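Trainee: Here it is: the structure, laid out below.
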Amino acid sequence: MTADAKPRVAVHKFSSCDGCQLAFLNAGEALLELAGLVDIVHFAEAGPVDPAAVVDIAFVEGSISTPEERERIAAVRANSRYLVTLGACATSGGLQALRGLADVNDWTEAIYASPEYIHSLAEASPIADHVKVDLQLWGCPVNGRQVLAAVASLLQGVPPVDDRGKVCQQCKREQAVCVMVTQGLPCMGPVTRTGCGALCPRFGRDCYACFGPAENSNTTALGRRLEGLGLPPEAIRRRFLFISNGAPEFRAAAAQWGEE
Amino acid sequence: MSEQRDIRIRVPVLARVEGEGALNLTIHDGDIEQLQLQIYEPPRYFEKFLEGRSYTEVPDMVARICGICPVAYQMSAVHAIEQAFGVDPGPWVRDMRRLLYCGEWIQSHALHIHLLALPDFLGFDSVTGMAAEHAEEVRRGLRLQQLGNDIIALLGARSVHPVGSRVGGFHHAPDQAAVDALLPRVARGVEEAAALLRWCAGIALPDDHQAFTSVALRHPAEYPMNRGRLVASDGLDIDIADFDDHFEEQHVPHSTALHARYHDRPYLVGPLARINLDADRLRPEVRQLLVETGVRFPSDNMFHSLLARAVEIHESLLEARDLLAAYRHTDRPWVPVTPRAGVGFGCTEAPRGVLWHRYELDEAGRVVTARIVPPTSQNQGRIEQDLRDSLLAFGLDHDDAALRLRAETVIRNYDPCISCATHFLRLEVERR
Ligand code: SF4
Ligand code: SF4
């Protein structure tokens, strides 16, 4: 990047629902402003297409689930100064990482008339399993605040948003009523990374861990707590094997409650 | 044709399309030899993941199929499960589900019109280029999109993968104060939507007439959104449970998406199909505006989808305004449900068209099998047919760049949500 050139940004899509890219497209005025500050050189859903462009920041949405994607992510890494993962799919595999627990080849061969056209890996894996990642954003989806803060942090050296706490602590800060204590709901807040603003408990429902595991969280204690609430082992397992099922902490926690 | 040309146009990544797809076009001796809309979005096997999951987990799982229309997925699913359990959540829940759905139509259509479609018709690469010349119109579009998102967030806490819906109703009833704050913005939005429709009606769209069959829901009183029977422009009128008797999904080798066919023919779902079949269910204000602007439906010009979206934004804002004005808070925004074994069907009108779900549940409310037929896999056959017709009408002797732009414009006009189209696999595994 030369001193007067605008920083170049790309948004790449892999296996995903497109929901995290919406953090840009839903940003409204902020999107137009961002477009003035940086050069968005590849963002297929918004218009510019140049997948091989050399960029300062590459945002990556989605997990790696085909051989083609495995090659493409290597190229993205080689062309990018910073690589930022956008959301649960890119950061921990997303809901579709559940395929790692099943036999996908059986499915594909049984379903498609011409299975040779379906190129699918056995796992849907996070970006960091394949290339070096500079910054990971959690959430399903990520929100605009996280994304704009990431841009500011990488380009201006502003420290990134601190999201190391737990949803549970956010509830206390927001003075939300604890849904586990008052309603006996199987809330994942005690082990889930903060960043959403404790949306679910504030809506009177249990968190389902869409922001992934918090650092140093005690999944064993939560599992026992859920058992105490009356959940059978299979239901406790499923609690951990949800949106962020690919996170090693949650895989390990699920394994304490039975095998597939 | 005198000129002989062999052309192979390959558009590897389609710009301004949600998800990833490609187009292969081979022209030989002045005729289209091969035309394939390739979908290479990897399958995400959602229907398999649902098996064994509790009904309580389904709304948050199916939302992840599509980040642009998560509400539609949640709504088709909760309706199907409630039908299987024999639950009626009552009028408050029904009204709020309609309000939620209005939010999704508004945001999805506003996004499509301004960010994805209009740059084609006004001659720009993307919205940022367009914003320089049509600053006010683009800002108005972004405001409408934001308003749609805020309606979703009122009931769902956030607009992408909202967390408010459950089988039986909602987790949370909005505070009166939040409703009061939104209402004046929605009332202003009604005016902006009318202005948007007037503006769109003045934009020169290609004049391209085609023969196709429209399929949509139809309700005795409402513009179709979340209930009704399935009807088609050839007179079909069926219960949603009878979908399989008339529609069939097939695997087309060049795509990871299944193509759905109606009586073995392609068909159209989405805003233009809805308005073609249900224009008489639009509110009088909306119909009046259509008369004023000289826009006529039914239409056989596929490019009128742009206008249909603008019409639906206007209709949705009027409906949202009325629902918000009549809002009463409740302490019980859901009804209790008791699982029982059975089969249920759900069919709602996602922004892109009919979204059909079928669930078989066991006595504990766990999913035994799930089947989901999304709008884009239904429209795929129609898109290929349209491409063939429009490129022939446009003239194959145009240069490659012009052909390519026209082909992309045709595809984008359907607002194909390619992520959606590829997650649906019907499966029978036989093990020996
Ligand atoms: S993390 Fe969630 S919102 Fe983001 S792309 Fe994946 S499924 Fe969609
Ligand atoms: S409370 Fe939990 S499930 Fe809900 S949005 Fe936040 S992290 Fe996601």
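Trainee: Report the local net charge at B:Val93: Lys and Arg +1, Asp and Glu -1, summed over other residues whose C-beta lies under 13 Å from its C-beta.
Mentor: Net charge in that neighbourhood comes out at +4.
Trainee: Would you mind giving the mean number of other chain beta-carbons within 10 Å of the Cβ of each residue in B:61-71, as a whole number?
Mentor: Partner Cβ neighbours, averaged per residue: 5.
Trainee: On to the next question. Ignoring everything but the protein chains, give the 1.4 Å probe accessible area of B:Tyr223 in square angstrom, nearest 10.
Mentor: Accessible area of B:Tyr223: about 10 Å².
Trainee: Viscosity 0.890 mPa s, temperature 25 °C: give me the Stokes-Einstein translational D for chain B in µm²/s, with Rh taken as the Kirkwood radius over C-alpha pairs.
Mentor: The Stokes-Einstein estimate is 111 µm²/s.
Trainee: In the protein assembly as shown, carbon and sulfur make up what percent of the accessible area (probe 1.4 Å)?
Mentor: Its accessible area is 49 percent carbon and sulfur atoms.
Trainee: Now, a different point. Report the FRET efficiency, 1/(1 + (r/R0)^6), for B:Asp175 and A:Asp134, where r is their Cβ-Cβ distance and R0 is 45 Å, rounded to 0.05.
Mentor: 0.65
Trainee: A follow-up question, please. Could you work out, for segment A:113-212, what percent of all Cα-Cα pairs fall into each 10 Å distance bin, beginning at 0 Å and stopping at the bin that holds the largest distance?
Mentor: Values per bin, smallest distances first: 14, 34, 26, 18, 8, 1.
Trainee: Extending each Cα 7 Å along its Cβ direction at B:His209 and B:Asp88, get the distance between those two points in nm, one decimal.
Mentor: Taking the two extended label points, one gets 4.6 nm.
Trainee: Then there's this: Between the DSSP loop rule and a limit of at most 13 other Cβ atoms within 10 Å, which trypsin sites (Lys or Arg not before Pro) in segment B:292-371 are left?
Mentor: Here the sparse-neighbourhood loop sites are B:Arg296, B:Arg328.
Trainee: Would you be so kind as to list the residues of segment A:70-105 that have their accessible area lowered by at least 30 Å² in the full protein complex compared with their chain by itself (1.4 Å probe)?
Mentor: Residues meeting the cut-off: A:Leu95, A:Gln96, A:Leu98, A:Arg99.
Trainee: In Å², rounded to the nearest 100, what is the total accessible surface buried by chains B and A against each other with a 1.4 Å probe?
Mentor: Result for this pair: about 5100 Å² buried.
Trainee: Now for a different question. As a test of the definition: which semi-axes, in Å, follow for segment A:150-260 when you take the square root of five times each eigenvalue of its alpha carbon gyration tensor? Largest first, please.
Mentor: Equivalent ellipsoid of segment A:150-260: 26, 18, 10 Å, largest first.
Trainee: Which value, in debye to the nearest 20, gives the size of the charge dipole of the protein assembly as shown about its Cα centre, when Lys and Arg are +1 and Asp and Glu are -1 at the Cβ?
Mentor: 2340 debye
Trainee: Still on this structure: I'd like to check one number: the per residue accessible area of the protein assembly as shown, probe 1.4 Å, reported in Å² as a whole number.
Mentor: For the protein assembly as shown, the solvent-accessible area averages 36 Å² per residue.
Trainee: If you bin every alpha carbon distance in the protein assembly as shown into 20 Å steps from zero, what whole percent lands in each bin?
Mentor: 18, 56, 24, 1, 0
Trainee: A further question follows. With labels modelled as points extended 7 Å from the Cα through the Cβ direction, what inter-label distance (nm, one decimal) is found for B:Glu292 paired with B:Arg185?
Mentor: According to this spin-label approximation, the distance is 2.5 nm.
Trainee: At q = 0.12, 0.28 Å⁻¹, what is the log10 ratio I(q)/I(0) for segment B:315-385, with the Debye formula run over Cα points and no solvent?
Mentor: Relative scattering, expressed as log10 I(q)/I(0), comes to -0.62, -1.12.
Trainee: Output the residues of segment A:185-208 meeting this criterion: accessible area (heavy atoms, 1.4 Å probe) in the chain alone minus accessible area with all protein chains in place is 50 Å² or greater.
Mentor: A:Leu199, A:Phe203, A:Arg205, A:Tyr208
Trainee: Moving on. Rank these residues by their accessible area, most exposed first, probe 1.4 Å: B:Arg139, B:Arg94.
Mentor: B:Arg139, B:Arg94
Trainee: Have a look at segment B:122-166 and report residues whose accessible surface goes down by 40 Å² or more when the remaining protein chains are included, against the chain on its own, probe 1.4 Å, ligands and DNA/RNA excluded.
Mentor: Residues losing area: B:Thr128, B:Arg139, B:Leu142, B:Ala157, B:Arg158, B:Val160, B:Val163.
The values are calculated or read from the model by the stated rules, or taken from the named source; none is laboratory data. Everything quoted here is computed from the prediction, not taken from an experiment. Glycine gets a Cβ as well: all are built from the backbone with ideal geometry, and neighbour counts include every protein chain shown. Ligands, DNA and RNA are excluded from the accessible area calculation, which covers all protein heavy atoms including side chains. Shrake-Rupley method; radii C 1.70, N 1.55, O 1.52, S 1.80 Å.
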